[in-house]
Amino acid sequence: MGDDKRFAAVVALAQGMAAAHTPRESWRAAALGACRALDGSFGALSVWERELGRLRVLVNVGERRPDEEEFPEAESYPVHQFPEITEFLHERWAGGGEPNAWVETAEGTAAGTPGYHHHRVAALRRRGRGCCLVAPVVLHGRAWGELYVARAAGAPVFGRTDADFATVLAAVVAAGIAQTERLEEARRLAFTDALTGLANRRAVDVRLEEAVERHRTDGAVVSLVVCDLNGLKRVNDTLGHAVGDRLLERFGSVLSLCGAMVPDALAARLGGDEFCLLAVGPPADEVVKAADELCRRAAELELGEGVACGVASTEDAIGPVPSARRLFRLADAAQYRAKAMRADRPVVAGREGPDDPVVRLADEPTPERAQRGERRRFRGRRPPGADREAKHTDR
C-alpha cells in the first residue's frame, strides 16, 4: 500500500471514530478502520481490565467465526496468556522503547518482537487464520488495550512495514478513544443531576419522548411516577441548605432503590424537590407497587415529611396518550392531588371512575398560567372525600 493510500486509510479511521455517537460505535469504527487499512479479514479491539488482570474483547469485525460475537458480553482472556502486553508496555517500553506492533503467524513469529506466543498461534490455527498483527493501544501514557488484525490462511503474511503502520493506527485509535471518553463524560454530565447522581430533567424528556413513541407504534406500556418531597423548605429554612441537600441525596437513594423494583426504570430528579420514575414495559401495577414502597420508605426518612406521589400509566383509563406532555401532565396532576389530600400512598390517574378528577384536572383546556393558578387552588383545598382517603393506617 502506497503512502497516499495509507494516509487516506488513517483519515478514514479517524473520521469513522469521530462520527461515532456511542462507545460501541467508536470501538467498531476503530476495529473496522484498522482491518480495512491493513487489508485484514478480521479485526478486534480489546481493553486491559487491570483490576481483573484480563483482556476483554470489546468488538469483533470482519469474517467472524460462530463463537465470535460482534459485541461479546463475556469474551476475555487472562493477561498471563498474553505476557507480551504487560511485559512490552511495562518493561521494554519503560526502558526507553516504543509501544510498537508485532506480527504472529500460524507457524510462529514472522516479524517484530517480543516473539512466539503459543496462545495466539493456537487461536490462529483454530480459526483458520494465517497471521495477525497486535498493536498496543496507549492512552494517557498507560497501556489501555490492544488492536488486533488478522488475515486468512493463504493470504500474504504481514511484514515489518505493516507492523509499523499498525503502530500508527493504534495511536489514532487511542486519540479517538480519548475523544469518545470526553464526549461520554460531557453527555453524562448533561443528563445527570449533580447533587443526587440520578438522571435529570433533560434525560427524562428524551426518554419519555422515546417511550411514548414506542407506545404509539407497538403498544408498549409507559408509566410515569412524579413525586414531591415534603418538608424540604422547612429543613432549608431551619437547618440550612446543606442539610436540605443531604435530605435530597438520601431521598434520591431511596428512589433509586425503589426504582430497582421495576426493570430498567429511570430514576430522576426533575429539579428542586421534584423527582420521578419512568418505566417502559412492566405492567402499571408493578410501577404502582414500587411507588407505594417509595412512599413508605420516604415517610421513614429523618427530617423529611414523606412524599406526595402521583402515577400515570398508559395501561390505565386515562384516554389516548398522543404525546409525552400529556402523560407528564397526568402524573403531575396525580401528584398534586396526593399533595392536596395529604395522602401517604400514590394517587393513580384513571382509577377513580369515569369522571376521574386527576384526568379532568390534567385535561382542562386552560392556558398554562391559569392552570398553574388552578393547581394552587387545588393544592390549597381539601378535595371531596379527602378526610376518608387522606391517610391509610391499615398497613
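Inspection of the stretch 131-141 finds no residue satisfying the criterion of being at pLDDT below 90, open to solvent by 70 Å² or more (accessible area, probe 1.4 Å), part of a strand (DSSP E or B) and more than 27 Å from SER253 (Cα to Cα).
In the stretch 281-310, the residues that are over 13 Å from VAL225 (Cα atoms) and without any contact (Cβ under 8 Å) to a residue 40 or more places away in the chain form no Cβ pair under 6 Å with any partner that is charged (D, E, K, R) and open to solvent by less than 10 Å² (accessible area, probe 1.4 Å), whether six or more places apart or across chains.
Can you tell me which residue within the stretch 98-127, out of those that are of a type in the set (Gly, Ala, Ser) and open to solvent by less than 30 Å² (accessible area, probe 1.4 Å), is modelled with the lowest pLDDT? I'd like the intermediate steps shown before the answer.
Here is the first cut: in the stretch 98-127, the residues of a type in the set (Gly, Ala, Ser) are 101, 106, 108, 110-112, 115, 122-123.
Keeping just the survivors that are open to solvent by less than 30 Å² (accessible area, probe 1.4 Å) gives 101, 106, 108, 111, 115, 123.
Values: ALA101: 86, ALA106: 88, GLY108: 70, ALA111: 44, GLY115: 50, ALA123: 86.
Out of the qualifying residues, it is ALA111.
In this structure, is VAL61 buried (at least 17 other Cβ atoms within 10 Å of the Cβ), closer than 22 Å to PHE165 by Cα, of a type outside the set (Phe, Trp, Tyr) and modelled with pLDDT under 95? No. Is it the case that the stretch 221-235 has a residue that's open to solvent by 10 Å² or more (accessible area, probe 1.4 Å), in a loop (DSSP other than H, G, I, E, B) and under 17 Å from ASP332 (Cα atoms)? Yes: the stretch 221-235 contains one or more residues that are open to solvent by 10 Å² or more (accessible area, probe 1.4 Å), in a loop (DSSP other than H, G, I, E, B) and under 17 Å from ASP332 (Cα atoms).
Taken as a whole, the stretch 241-257 holds at least one residue that is among the small types (Gly, Ala, Ser), open to solvent by 40 Å² or more (accessible area, probe 1.4 Å) and within 24 Å of VAL348 (Cα to Cα). Note on the stretch 262-294: residues that are over 21 Å from ASP344 (Cα atoms) and either surrounded by fewer than 19 Cβ atoms within 10 Å (Cβ to Cβ) or among the polar types (S, T, N, Q) (or both) amount to 5.
Residue by residue, here is whether (1) outside any helix (DSSP H, G or I); (2) among the aliphatic types (A, V, I, L, M); (3) more than 21 Å from ARG201 (Cα to Cα) holds:
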| position | (1), (2), (3) |
| --- | --- |
| LEU301 | yes, yes, yes |
| VAL311 | yes, yes, no |
| GLU352 | yes, no, yes |
| ALA362 | no, yes, no |
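Just one of the listed residues (GLY271, GLY306, GLY259) is at pLDDT below 95 and over 27 Å from the mean Cα position of the chain (by Cα), namely GLY306. Considered as a group, the residues in the stretch 295-305 that are touching a Gly at 6+ places or on another chain (Cβ under 8 Å) and open to solvent by 10 Å² or more (accessible area, probe 1.4 Å) include one that is nearest to ALA211 (Cα to Cα), and that residue is ALA299.
If you filter the stretch 147-164 down to residues that are charged (D, E, K, R) and closer than 18 Å to ARG36 by Cβ, you find that the one that is surrounded by the fewest Cβ atoms within 10 Å (Cβ to Cβ) is ASP164.
Note on the stretch 22-56: among residues that are at pLDDT below 95, of a type in the set (A, V, I, L, M) and in a strand (DSSP E or B), the one that is most open to solvent (accessible area, probe 1.4 Å) is VAL47.
For the stretch 165-201, residues that are open to solvent by 20 Å² or more (accessible area, probe 1.4 Å), closer than 26 Å to ARG24 by Cβ and of a type in the set (Gly, Ala, Ser) total 5. It is to be established whether one or more residues within the stretch 316-326 are out of contact with any helix residue (DSSP H, G or I) (no Cβ under 7 Å at 6 or more places or on another chain), under 28 Å from ARG246 (Cα atoms) and either open to solvent by 30 Å² or more (accessible area, probe 1.4 Å) or at pLDDT below 95 (or both). No, the conditions are met nowhere in the stretch 316-326.
Among the residues that make up the stretch 282-299, is at least one of them under 21 Å from the mean Cα position of the chain (by Cα) and on the phi > 0 side of the Ramachandran plot? Looking for residues that are under 21 Å from the mean Cα position of the chain (by Cα) and on the phi > 0 side of the Ramachandran plot, one finds none in the stretch 282-299, hence no. Picking from residues in the stretch 3-21 that are modelled with pLDDT of 90 or more and farther than 14 Å from VAL168 by Cα, the one that is surrounded by the most Cβ atoms within 10 Å (Cβ to Cβ) is MET17.
The values are calculated or read from the model by the stated rules, or taken from the named source; none is laboratory data. Small disclaimer: the values here were computed from a predicted structure and weren't measured. Backbone-built Cβ (ideal geometry, glycine too); neighbour counts: all protein chains shown. Quick note on the areas: whole protein, heavy atoms, side chains included, nothing else; ligands and nucleic acids left out. Shrake-Rupley method; radii C 1.70, N 1.55, O 1.52, S 1.80 Å.
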